[in-house]
Structure formats: C-alpha cells, structure tokens
Amino acid sequence: MERILVIGANGQIGSELVDALTAQHGAENVIAADIGPRSGFGVKRYEPIDVLDRKGVAHIVETYHVTQVYQLAALLSVTGEQAPLKAWDLNMNGLLNILEIARERGQAGKPLRVFWPSSIAAFGPNTPRVATPQTTVMDPTTIYGISKLAGERLCEYYFSKFGVDVRSIRYPGIISYKSPPGGGTTDYAIAIFHAAQRGQRYSCFLGPETGLPMIYMPDAIRATIELMDAPAAKVKVRSSYNVAGLSFTPRELAQQITRYLPDFEIVYAPDSRQAIADSWPQSLDDSIAAADWSWQARIGLDDLVRDMLANIKVPLELLNRAA
Ligand code: SER
C-alpha cells in the first residue's frame, strides 16, 4: 500500500494530481500539503507546511508512513524573475530537503520514492529548438530554468550516490482550466481561454509565431503517474524525461478558438516574456520516455480547445487574481 504526500497541493499540478491519486489510492492514503490553508474540497488529509521546513516535512513523512512524495512547490519563470533569490531558495532547497529526507529514510530501510518536476525552461538559447533531444546543450537564462537544471543534476546525483528512487519530467507548458494562470511564460495559453470565455479581446504577451511545447493537463497527470508507477528498472533517466504533448503558436491557438467563438479577437503586445519564450524549445523529442516507460501523448489541439471552452468556468475571485 502506498502513502502519498503531495507538497504544493494547492497549485496548478498539485490540485489535479491530488484528485487523480485519491481516485487511484483512496483518500486515506493521500496527504495534501501546501504553505497556506487548504484550497478546494474533497481532501481528507491536509497539512499546512513550508517545504523549506525540513524537520516539519520529515515529521509528516514519519507520522503518515509516507512512501511517495511529490515535491511541486516552486516559483515559475515569470514570478521567479521578479524575486530571483526567493525562487532559487524555494526551488533548490525545497528539492534538497526532500532528497535528504529520502536519503535518510532509505538508509533506515524505509524507502521513499520522489517525484520532482523539471521544465522546458531548463533549456536555453543554444539548445536545438525543434525536436529538442533528451540529452543536449542546456544553458537556461532564467533563475527558474537555472534552478531546474541544477535540480536535475541533484536528482541524478542522489540516485547514483545514495540510491534515492527519484523520478522527473521536463514538463512543457501545462494547460488546464481548474486553476488560474500561475506566473509562467506558457500561461498565455491559459489566459487566452479566460478572455475568450468572457467575450474579451486578448492581448497576448508573446508574438504570433512563438511556438512552444505544451501539454493538456489530463496528459500531464497521466504522464506523471505512469512514470511514478513504472518499475524502477525501466526508469533509466534519473535527471528528467522529455515529455511532449503538442506544439503550437499563439496564432494557431487563436485560430482554433475562433472556430468555436467566431467573434474572438487577439492582439499581440510582446513584452519581456518574449525573450524567455525565445530561449525555449519549440518542440520536444520524447522518444526516450516512449521507449523506457511507454509514454504517448493523446490529446491534440482540437480536443484541447474544445475541452477548455466547455469546462472553463472560473470563479470571479480567481479571474480577478489572474487579471
Ligand atoms: N510553464 C512554465 C513557465 O512558463 C514552464 O515550465 O514558467
């Protein structure tokens, strides 16, 4: 029986992962944790904790006999640039705390499997941008990307030196309707739906031809759980796996939305986020994930757009927060 701790449970990935893990393992066996009070309903166990409080997290792991930790607490690319030291501290020391707890528990004969998200932000301007390979040049320019690349090296180090069973995915931009945009460069592809649904013109902070790798949330959650459920021998990459969903530009996304909402309008006003997007891949080669643990994306652009438009019902206070 698995006992699963999700840190960052109130965030974009965390909130949906908790639901999926609860369906799979039962509410008794999923402990949601985040720095503030619980957001959302249907969670049986909730622990308010700061991932930087190593002793506090270790205490939760011990108390609940946790066997798997998902460490999702982080600042993303745009918010990270506004507070670089805070982003570095949270992104690095949050991961290091979990890896240390896993190392200690492994030594005590209580193994802890760890999931930690990396990102396309770990790549940089000298990375091949089309069908970016699993192993290639990585020269990230944002503090977020730098923390992700360093984190990948830490994951591999803790696996090879201490045998910690840590697993990771380099997520593309994740598109979902349950939480508001959360400070990422790829989040234009969420904000655009909020504007479209409100009947507003969308002013896009990236130019029309800015192709980026993206993934729809159900595929992202499935990738995450499939990787965590794979037999350890199949997980041959211990830094982080390229996982592709689909790739599109703002112009292509807007065109698809106007198929369903013909009055929808987009204008382009690129700002400092354009430089971040220009340093990231346009598409990813995920053939290593496919070979190692049979990863395959299922959701394409038309399905994504139809599902987003059908489901996006955003509470007013979230819309205000996202504006
Ligand atoms: N979605 C993230 C961002 O844009 C990338 O991992 O910051």
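None of the figures in this text is laboratory data; all of them are computed from the coordinates on show. Bear in mind that the values here come from a model prediction, so they are computed numbers and not experimental data. Please note: Cβ atoms are built from the backbone with ideal geometry, for glycine as well, and neighbour counts cover all protein chains shown.
Model label sites at LYS236 and ALA269, defined 7 Å from Cα along the beta-carbon direction, differ in position by 4.9 nm. The length gained by stretching the chain between ALA291 and MET1 to full extension, at 0.36 nm per residue less their Cα-Cα distance, is 101.6 nm. Length available on full extension from ALA20 to GLU62: 0.36 nm per residue minus the Cα-Cα distance, which gives 12.8 nm.
A cut-off of 5 Å between modelled amide H atoms, ignoring neighbours fewer than 5 places along the same chain, links ALA9 with ALA33, ASP34.
Starting from the Cα coordinates of region 22-139, work out the convex hull volume and express it per residue in Å³. Write out the running numbers ahead of the final one.
Details: hull volume 18.8 nm³, N = 118.
So the per-residue Cα hull volume is 159 Å³.
The mean sequence distance of close C-alpha pairs (under 8 Å, at least 6 residues apart), as a share of the length of region 101-176, puts its relative contact order at 41 percent.
With bins 10 Å wide beginning at 0, the percent of Cα pairs of region 197-323 falling in each bin runs 11, 33, 35, 17, 5, 0.
Distances between every pair of Cα atoms in region 36-105, grouped in 5 Å steps from 0 to the bin holding the largest one, split as 3, 15, 23, 22, 18, 12, 6, 1 percent. Counting every pair of alpha carbons in region 200-267, the share spaced more than 19 Å apart comes to 52 percent. All Cα-Cα distances of region 1-62, cut into 5 Å bins from zero to the largest, leave 4, 20, 34, 24, 15, 3 percent in each bin in turn. How far, in nm, would the chain grow between LYS86 and THR258 when pulled straight, counting 0.36 nm per residue and subtracting the alpha carbon separation? Length gained between LYS86 and THR258: 58.0 nm. To the nearest Å, what is the center-to-center distance of region 234-281 and region 97-125, using C-alpha atoms only? For region 234-281 versus region 97-125, the Cα centre distance is 28 Å. Along its principal axes, the chain has C-alpha extents of 61, 42, 38 angstrom, given from the largest down. Hey, how much of the P(r) for region 108-212 falls beyond 18 Å, as a percent of Cα pairs? Here the long-distance tail beyond 18 Å is 60 percent of all Cα pairs in region 108-212.
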